[in-house]
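Notes to accompany the following structure.
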Amino acid sequence: MTQEQPDSLPLVRVERSSGVRQLRLVVHATDFDDAVAFYRDVLGLPEQAAFEGDGDAKVMILDAGRATLEIANSAQKKMIDEVEVGRQVSGHIRVAFEVDDVVLRTQELADAGANILAYATKTPWSSLNSRLEAPAGLQLTLFQELE
């Protein structure tokens, strides 16, 4: 059965396992070119699309692979900071990327301008994690699954 929407477009019901099809993290970068060079060229996120608009408006969408939304309470946030860095350093949002070689990628990102907060550390959950402050004001965790 089809119901009419106010603008006369038919309402089509589609069965899905989830109402969400994509997670897109939108980051404001005051130095757009620097952020693009860091995340696309150094970290290696492939460009999916790029658009320009009036008034020098620019956006680039980079493919970061599979996305998840990790929601942590205050105690978990504190514990992760202690394990990865040894002190409380994270803000409201931290972006984590799974990579094949944490040690190498951490150094590459540092060479490209990221500030290393903590070098690779083995975690209780069997991963090797490092922490960096990166362009566009993002704090990053790089992690490599060990098992």
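The values are calculated or read from the model by the stated rules, or taken from the named source; none is laboratory data. These numbers were taken from a predicted model, which means no experiment stands behind them. Glycine also receives a Cβ, built like all others from the backbone with ideal geometry; neighbour counts cover every protein chain displayed.
Give the residue, chosen from LEU69, LEU62, LEU23, that is farther than 26 Å from THR121 by Cα, out of contact with any Cys (no Cβ under 6 Å at 6 or more places or on another chain) and either of a type in the set (Val, Ile, Thr) or at pLDDT below 95 (or both).
Going through LEU69, LEU62, LEU23 in turn, the sole match is LEU23.
Pairs please, first residue from segment 135-146 and buried (at least 19 other Cβ atoms within 10 Å of the Cβ), second anywhere and in a helix (DSSP H, G or I) and not hydrophobic (A, V, I, L, M, F, W, C), Cβ atoms under 7 Å, 6+ apart in sequence or on different chains.
Listed pairs, sorted by first residue: PRO135/ASP34; THR141/GLU84; LEU142/ARG105; LEU142/THR106.
Could you list, in sequence order, all residues of segment 104-122 that are surrounded by 14 or more Cβ atoms within 10 Å (Cβ to Cβ) and under 23 Å from ARG66 (Cα atoms)?
Within segment 104-122, ARG105, THR106, GLU108, LEU109, ALA120 meet the criteria.
Identify the single condition in (1) assigned to a loop (DSSP other than H, G, I, E, B); (2) under 15 Å from LEU142 (Cα atoms); (3) at pLDDT 95 or above; (4) within 14 Å of the chain's Cα centre (by Cα) that ASP100 does not satisfy, given that it satisfies every other one.
ASP100 satisfies every listed condition except (4).
If I ask for residues that are loosely packed, with under 12 Cβ neighbours inside 10 Å and either of a type in the set (A, V, I, L, M, F, W, C) or over 25 Å from GLN88 (Cα atoms) (or both), which ones from segment 64-76 would you list?
GLY65, ARG66, ALA67, LEU69, ILE71, ALA75, listed by residue number.
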